[in-house]
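The structure appears below as structure tokens.
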Amino acid sequence: MSFLLELAGNKAKARAAAKELTIDQLENIIAGFSSALEKLKTEAEEKAKQEQEKTRKAEELAKLIAQSGLTLEEIADLSSAKTTATKSKSVEPKYRLVVDGEEHLWTGRGRTPKVFQTYFDAGNTKESCAI
């Protein structure tokens, strides 16, 4: 690539390099560079059109904002997603069990605590320790 950059910056070196090639090779190189040039021009035009479209849309939005009487901060506040986490309410316990003078409470949700599981394995029911 640096060789091409060197040739592009110096016409004398480009002519010297061209003397080593045949006419068909030179025409092939010229055709390749011509198509690359056209492609780059097309891409640049497309990019310019996209920028113009963005500018036009931004101007439309600015007009709408001005007409609405709102500020950008107010719009941002109204349109942003509410990220406040809803704190779950604690669930009241449904079951109470007193073992060795110590009270154990359980909501009935999730995994059964070991104290309650031992109590149930002994043949007792949930209803017997319901609050």
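Toward the positive end of the charge dipole of the stretch 2-79, with +1 on the Cβ of Lys and Arg and -1 on the Cβ of Asp and Glu, the farthest Cα among 33, 10, 76 is that of 10.
Sites counted here are trypsin sites (Lys or Arg not before Pro) in a DSSP loop (not H, G, I, E or B) having no more than 10 other Cβ atoms within 10 Å; the longest part of the chain that contains none of them is 20-81. Here's the list of lysines a cross-link from residue 41 could span, going by alpha-carbon distance under 22 Å and ignoring same-chain residues fewer than 8 apart: 49, 54. In terms of its alpha-carbon gyration tensor, the stretch 22-92 comes out oblate; a/c meets the 1.5 threshold, while b/c is at least as large as a/b. Averaging 1/r over every pair of different alpha carbons in the chain and inverting the result gives a Kirkwood radius of 24.5 Å. Partners of residue 47 within straight-line reach, counting lysines whose Cα lies under 21 Å from its Cα and excluding those fewer than 8 residues away in the same chain: 39, 57. About the centre of its Cα atoms, the chain shows a dipole size close to 80 debye [charges on the beta carbon of Lys, Arg (+1) and Asp, Glu (-1) only; nearest 20 debye].
Extension gain, residue 54-residue 80: 0.36 nm per intervening residue step, less the Cα-Cα distance, totals 7.2 nm.
Using a Förster distance of 30 angstrom, determine the FRET efficiency expected from the C-beta separation of residue 130 and residue 87, and round it to 0.05.
With a Förster radius of 30 Å, E is 0.65.
Each value in this text was obtained by applying a stated rule to the coordinates, not by laboratory testing. What you are looking at is a predicted structure, and each value in this text was computed from that prediction instead of being measured. Reconstructed Cβ throughout: ideal geometry from the backbone, glycine too, with neighbour counts over all protein chains shown.
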